[in-house]
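Structure first, then comments.
FYI, it's all coordinate maths here, none of it is from the lab. Note that this is a predicted model, so its numbers are computed, not measured. Ideal geometry is used to build each Cβ from the backbone, glycine not excepted, and the neighbour counts take in all protein chains shown.
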Amino acid sequence: AMFLVGGSIIGHGLPFLHHFSVHVVEFFQTLPTIGNILAAISPILMDGAIGLIVGAICVVVFQLSKKVLPKT
């Protein structure tokens, strides 16, 4: 759940990600039959993906900083 919340905050905070999400929803709405379902779940999936990517970047940065910085 935290990946979804964090991804949503980041996705709405960066205009290009927010506009991309809106365009994806609009595209899915044009598809017949399954388009409305895809349009409903695509923002959730995109927020989760953004949250996972940013979380992975944070893990890498913290792991590298532990190796580079001296221990106190």
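Chymotrypsin sites (Phe, Trp or Tyr not before Pro), restricted to the chain: which are DSSP loop and have at most 11 other Cβ atoms within 10 Å?
Working: sites: 3, 16, 20, 27, 28, 62; in loops: none.
Here no chymotrypsin sites (Phe, Trp or Tyr not before Pro) fit, given the DSSP loop and packing criteria.
Trypsin sites (Lys or Arg not before Pro) within the chain: which are DSSP loop residues with at most 12 other Cβ atoms inside 10 Å?
Those that pass, being in a loop and sparsely packed, are 71.
Could you give the DSSP H helices of the chain that reach 20 angstrom or more along their long axis (alpha carbon positions) and whose average Kyte-Doolittle hydropathy is no lower than -0.5? Don't skip to the end; give the middle numbers.
Values: long enough: 15-29 (21 Å, 0.57); 35-68 (49 Å, 1.60).
Within the chain the helices that satisfy the rule are 15-29, 35-68.
How big is the shadow of the Cα convex hull of the chain, averaged over all directions, in nm²? Intermediate results must be reported in sequence, preceding the final value.
Numbers: hull surface 24.0 nm².
Convex hull of Cα atoms, orientation-averaged projection: 6.0 nm².
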